[in-house]
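Student: Provided herewith is a single structure, encoded as structure tokens, for subsequent inquiry.
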């Protein structure tokens with residue numbers, strides 16, 4: 001609106017207030033021309049669907065709007081129109097109460113369900129459970145190790161045998177060096193050319209020929225007689 | 001003539017390098033020997049028992065002593081004492097006259113090896129025969145070392161018990 005138009009309108013309004021009816025009519029005509037009604041531009045369609053009891057209801061009413069594009073093409077678009085119908089205060093209060101009750105019930109149910117599904121576990125039970133889990137893990141690890149050992153059993157055995165042989169050889173070498181470098185503690189006589197000690201038993205001594213005895217006794221007698229004579 | 005035939009048979013039947021060993025006979029040798037055996041009128045007493053058995057019954061020896069002798073020789077030649085205990089065990093299982101034959105052979109060839117064979121023969125009661133090992137050690141210590149390496153560790157430990165640890 002231009003400044004001149006505004007001044008003209010103010011003058012016409014003043015005249016109308018003063019009591020000039022023609023000025024009033026003119027003022028209204030100009031005003032209408034300057035601000036055309038928006039209702040004329042957009043055609044609203046009345047909602048026919050019944051509203052449900054819930055607070056918010058979505059209505060999917062296809063409304064065909066024709067837009068004229070710059071290129072002069074016509075496009076059809078379907079839009080979803082959401083209409084919120086405000087309710088009275090009493091209805092709102094009731095609805096809020098109902099909501100609260102529902103939420104309480106839901107929470108109760110959910111807690112009940114929770115208690116039913118998951119029992120309360122005491123700390124001692126928790127420890128037991130943890131222990132069982134640990135033992136299970138240990139068993140699993142042991143099983144895995146056993147499997148690994150079984151898999152590598154053949155190769156491990158071969159390696160162990162080789163290691164054993166090496167250790168035995170080293171030990172044997174040390175012992176052989178001891179045998180070669182040192183002398184035996186006491187060389188026992190071997191039986192094949194061992195001199196046999198001839199010990200005479202009493203019977204064998206008695207079986208000595210009489211001649212030898214007599215000669216022996218004769219000599220002893222002689223010596224004893226000589227000693228006696230010397231003493232006298 | 002008969003003694004000449006007997007000498008010829010004896011020569012075919014035994015090895016020339018060691019007359020206590022019996023020869024492996026070829027088909028030609030077998031035919032020749034059979035002809036000579038049939039021509040012989042008597043069987044002398046003072047000959048090898050295997051030859052005597054052949055002249056009497058026509059059966060050839062089993063050649064097991066020859067195998068043992070060959071094994072003993074291989075041990076000595078290649079210094080491989082790992083099979084030595086089993087070879088000596090086989091030697092013990094032979095008839096007495098074969099054992100004495102082989103032992104006299106080795107006594108004249110190598111005294112250290114002879115002593116080692118004797119020691120091995122008495123391995124279960126070696127403490128009485130440890131002087132055999134000492135004799136072998138004095139003759140050829142390297143041969144004794146090889147022999148001891150072929151033994152089990154437990155036996156070597158037992159032998160060490162009879163030596164003064166330095």
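The values are calculated or read from the model by the stated rules, or taken from the named source; none is laboratory data. Model, not experiment: these values are computed from the prediction. Ideal geometry is used to build each Cβ from the backbone, glycine not excepted, and the neighbour counts take in all protein chains shown.
Student: Report yes if residue B:151 is outside any helix (DSSP H, G or I), facing another protein chain (nearest Cβ under 10 Å) and buried (at least 19 other Cβ atoms within 10 Å of the Cβ), otherwise no.
Tutor: So residue B:151 fits the description; yes.
Student: Let me ask you something else. Within the range B:119-131, restricting attention to residues that are more than 8 Å from chain A (Cβ to nearest Cβ) and surrounded by 21 or more Cβ atoms within 10 Å (Cβ to Cβ), which residue is farthest from residue A:184 (Cα to Cα)?
Tutor: Within the range B:119-131, the match that is farthest from residue A:184 (Cα to Cα) is B:120.
For (1) modelled with pLDDT under 80; (2) farther than 19 Å from residue B:122 by Cα; (3) more than 10 Å from chain B (Cβ to nearest Cβ), each residue gets a yes or a no:
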| position | (1), (2), (3) |
| --- | --- |
| A:159 | no, yes, yes |
| A:167 | no, yes, no |
| A:171 | no, yes, no |
| A:175 | no, yes, no |
| A:179 | no, no, no |
| A:187 | yes, no, no |
| A:191 | yes, no, no |
| A:196 | yes, yes, yes |
| A:199 | yes, yes, yes |
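Student: To continue, here is another question. Scan the range B:132-143 residue by residue and report those that are touching a helix residue (DSSP H, G or I) at 6+ places or on another chain (Cβ under 7 Å) and more than 7 Å from chain A (Cβ to nearest Cβ).
Tutor: Residues satisfying the conditions are B:133, B:135, B:136, B:139, B:140, B:143.
Student: For the list (1) away from chain A (no Cβ under 12 Å); (2) farther than 22 Å from residue A:169 by Cβ; (3) modelled with pLDDT of 90 or more, I need the number of the one condition that residue B:101 fails.
Tutor: (3)
Student: While we're here: Which of the numbered conditions does residue B:114 fail, given that it passes all the others? Conditions: (1) modelled with pLDDT of 90 or more; (2) closer than 21 Å to residue A:177 by Cα; (3) within 13 Å of chain A (Cβ to nearest Cβ).
Tutor: Condition not satisfied by residue B:114: (2).
Student: Of the numbered conditions (1) part of a helix (DSSP H, G or I); (2) within 21 Å of residue B:127 (Cβ to Cβ); (3) modelled with pLDDT under 85, residue A:220 fails exactly one; give the number of that condition.
Tutor: (2)
Student: Could you name every one of the helices (runs of 4 or more DSSP H) located completely within the range B:21-131 that has at least 3 residues being out of contact with any helix residue (DSSP H, G or I) (no Cβ under 8 Å at 6 or more places or on another chain) and closer than 19 Å to residue B:2 by Cα?
Tutor: The helices (runs of 4 or more DSSP H) meeting that bar are B:27-39, B:49-57.
Student: What about residue B:145, is it within 16 Å of residue A:176 (Cα to Cα) and either assigned to a helix (DSSP H, G or I) or touching a strand residue (DSSP E or B) at 6+ places or on another chain (Cβ under 7 Å) (or both)?
Tutor: Criteria met by residue B:145.
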